[in-house]
1. Under the classification rounded if a/c is under 1.5, otherwise prolate if a/b is larger than b/c and oblate if not, where does the range 14-158 fall, given a ≥ b ≥ c as square roots of the Cα gyration tensor eigenvalues?
2. What number comes out for the charge environment of residue 113, summing +1 per Lys or Arg and -1 per Asp or Glu over other residues with Cβ under 9 Å away?
3. Using a 10 Å cut-off around each Cβ, can you sort 2, 253 from fewest to most neighbouring Cβ atoms?
4. Can you give the calculated 222 nm mean residue ellipticity of the chain, where each DSSP H run of n ≥ 4 adds -39,500 (n - 2.57) and the sum is split over every residue, rounded to the nearest 500 deg cm²/dmol?
5. If you project the alpha carbons of the chain onto their three principal axes, what span does each projection cover, largest first, in Å?
6. Take 94, 25, 133 and order them by how many other Cβ atoms sit within 10 Å, fewest up front.
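Coordinate-derived values only; no laboratory data. Keep in mind the model is a prediction, meaning the values are calculated, not measured. Here the Cβ positions follow ideal geometry from the backbone for every residue, glycine too, while neighbour counts run over all protein chains shown.
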Amino acid sequence: MVVEELLAAGAPVGAHWVADRQSGYQILRHGSERARSTILPRIAAGTCFFGIGMSEPDSGSDLAAVRSRARKTEDGWRISGSKVWTSGAHHAHYLIALVRTGGAEAQRHGGLTQFIIDTTQPGIDIRPIHNLYGGHDFNQISFDDCWVPDDMMIGQEGSGWDMVTGELAFERSGPDRFLTSFPLLRQVLGALTQDGSTRVLHEHLGHADHDQAERAFDHQEAAAIGRLLSHLMALRSMSTSIAGMLEQGAQPVVEAALVKDLGTAFEREVPERLRSLLPMEAMLGDEHGLSHHWGMTMLQSPSFTLRGGTREILRGMIARGLGLR
Ligand SMILES: Cc1cc2nc3c(=O)[nH]c(=O)nc-3n(C[C@H](O)[C@H](O)[C@H](O)COP(=O)(O)OP(=O)(O)OC[C@H]3O[C@@H](n4cnc5c(N)ncnc54)[C@H](O)[C@@H]3O)c2cc1C
């Protein structure tokens, strides 16, 4: 509920987001006693940030193809390789990374292990990748013989595939998978419905076209908005029901994929649908204005259906879960 309110208000949750949503749970369930006692209180205090070290330059959808490798040594493990698209790594204190620990004999899914990697140690290079609007959210990381102590392993050696699958259920079903465009929708609703006409919207935008401004907030617009809001309510019910399953220790992997697929399609639909509702263009400029907010959401929207697993991958999982393939 708290997270939902923060997202609905467009609060800046980015830095501690990954730790709150998934890394903390992962450590609580599968981390060593030392990892729990040293890291969890700092996550709870909002002072410890995490990044997700899954994707690699040649391994995004096909996570089982990761090539970063951990080599066993007397005092723990040494990690070499690289990760890409790692959101917030430049602020993160740790990454939970999926790496290969098995030899050539290990099965594709069997030779993988998750580790908690301290990003402040030597041998880690974190470089920015700039996004469509020039911002720095994600990164490419290289590891050159980085040290990880034995008790910073998540689960057991070779359990990485199960660990990462469980973690993705947390990543795919939460309110962040359907609320990204909500602050924009709320801003539009405020402008459209203030006095039951579009006049307020035009004033808000500084438009001089009074004839158009006096047009009533018609049935078509009301129906379009009602449709968006009813989709939102259905998504919210699905997401909270999965939160209940996760709370009971279940791994609702297919259900979470369903929420992410429908939820991120909704997130992309909102800025598109506004084209037929708003008498203006999405445009970057005044940072506090509706047009700028809309423009930023437009530029971000292609990423909604990529991050955390693409639409095609999710639909494949859902089809398999339904026995269709
Ligand atoms: C904003 C953003 C933030 C991200 N943050 C992180 C992060 O913090 N940590 C992290 O590890 N990763 C992160 N990612 C990476 C993200 O998880 C990957 O981009 C995603 O999993 C897709 O992998 P890829 O880019 O390698 O594309 P590919 O896997 O190369 O896919 C390319 C295209 O082929 C399609 N495709 C691939 N395989 C199949 C198949 N079997 N069947 C049908 N179609 C297929 C895909 O759907 C896609 O359209 C982030 C991505 C974005 C956009």
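1. On the way: a/c = 1.63, a/b = 1.11, b/c = 1.47.
It comes out oblate by the Cα gyration axes.
2. Working: positive: 100; negative: 157.
Counting the neighbours of residue 113, the net charge comes to 0.
3. In increasing order of surrounding Cβ atoms, one gets 2, 253.
4. Working: 12 runs with 144 residues, N = 325.
Estimated from H runs of four or more residues: -14000 deg cm²/dmol.
5. Cα spread of the chain along its principal axes, largest to smallest: 78, 44, 35 Å.
6. Values: 94 26, 25 19, 133 12.
Placing the least packed residue first, the sequence is 133, 25, 94.
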